[in-house]
Structures are given as structure tokens and as C-alpha cells.
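Nothing in this text is a laboratory measurement; each read-out follows from the coordinates by a stated rule. Please read all numbers here as calculations on a predicted model, not as lab measurements. Every residue, glycine as well, gets a Cβ built from its backbone with ideal geometry; the counts of neighbours run over all protein chains shown.
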Amino acid sequence: METGKERENLHNERGVVFNIQRFSIHDGPGIRSTVFLKGCPLHCPWCQNPESIRLLPEIITRNIKCIKCAKCAGICPQRAISIGEEGRVIEWGKCNYCLKCAEICPSKSIEASGEYKSVDEVMEEVAKDSNFYRRSGGGMTVSGGEPLVQWR
């Protein structure tokens, strides 16, 4: 039988989510929210979500969108980012993936792929569309990556 402590631990359990797609109609019956988890050991050539392969949060950069404002360099606690003539340079060996650079980037040329979320945080987001689920016979789909990589 489940104890209150076990139930509390479940609500505090955290996983790495890289997207919650609302109003999805292709991942099961009715209107759904699809929760995409990171982590996949398969490396399929036809993978639709290559940003989901790595289990941990990561940084995606698009230098062509960089406006060279240097906000990312200024906030980086590891001093892993510099701005040169060619644009932004990240020394990946110094980066600790704190994602502060992605949070501050005004042009979205640095973005986070994945963030730690608790079960409660995910369910709070998914519950916003509960009226649609009831009326359409929909619900929530957990996808990935490979969702069973984060089996807890």
C-alpha cells in the first residue's frame, strides 16, 4: 500500500522535459498535451526529435541570430562565452550548462533544450486544457526521446 511519504516523493520527482505541446491531435485520441522527455539511447536515423537524445539539459545555438549584445557573456558564471568578430564563441569545456545564457538572450540565438520539471509542474501545465480532454476524449501523451529512459 502506498504511504503518504511515497506519494509526496512521487510529486517531487523531477525529470528533464524539453517541450510540452498543447492541443496535439496526432499523438492519441482526442485533443491532447504531449510531454516530450529528454533521453534516448536508440539514435534512429529517422529521429524526429534529435534535440531529445541527450538526457541532460543542453544549449542549442544559432549564431546567425546572434546580435552580439554580449548579455550571455556577461551573465556566464564560468566565463565560457566571448564575443568576437565572428560572433559568439562558447568554450564548451568550461560550460556547466546552467542555462543562464539562454534565459537572458534577447534574440533567442541561445536556447535551452530541456529543463528539470517536477511531476506537479508538468501536471499543472497539462491540466490547463482539461476541459478539452473531457470533451474530446483526449488526455496526455508522454513522448520523447524514449520516455522509458526516465522511468521514475
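The table for this structure:
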read-out: Additional length obtainable on full extension of the chain from Asn19 to Glu121, 0.36 nm per residue less Cα span; value: 35.5 nm
read-out: Sequence-separation-based contact order of the chain, relative, with Cα cut under 8 Å and 6+ spacing, percent; value: 38
read-out: Electrostatic dipole magnitude of region 1-134 [Cβ: Lys, Arg +1; Asp, Glu -1; Cα centre; debye, to 20]; value: 420
read-out: Structure-based [θ]222 nm, the chain - -39500 (n - 2.57) summed over DSSP H runs of at least 4, per residue, nearest 500; value: -6000 deg cm²/dmol
read-out: Spin-label zone in region 53-82 - amide nitrogen under 11 Å from a point set 7 Å from the Cα of Glu91 along the C-beta vector; value: 78-82
read-out: Centroid-to-centroid separation of region 50-80 and region 85-131 [C-alpha atoms, Å]; value: 9
read-out: For the chain, with +1 on Lys and Arg beta carbons and -1 on Asp and Glu, the positive-most of Val119, Cys47, Pro147 along the dipole; value: Cys47
read-out: Cα pair distances exceeding 28 angstrom across the chain, given as percent; value: 35
read-out: For region 58-113, the fraction of alpha-carbon pairs in successive 5 Å shells from zero, as %; value: 4, 24, 36, 28, 8, 0
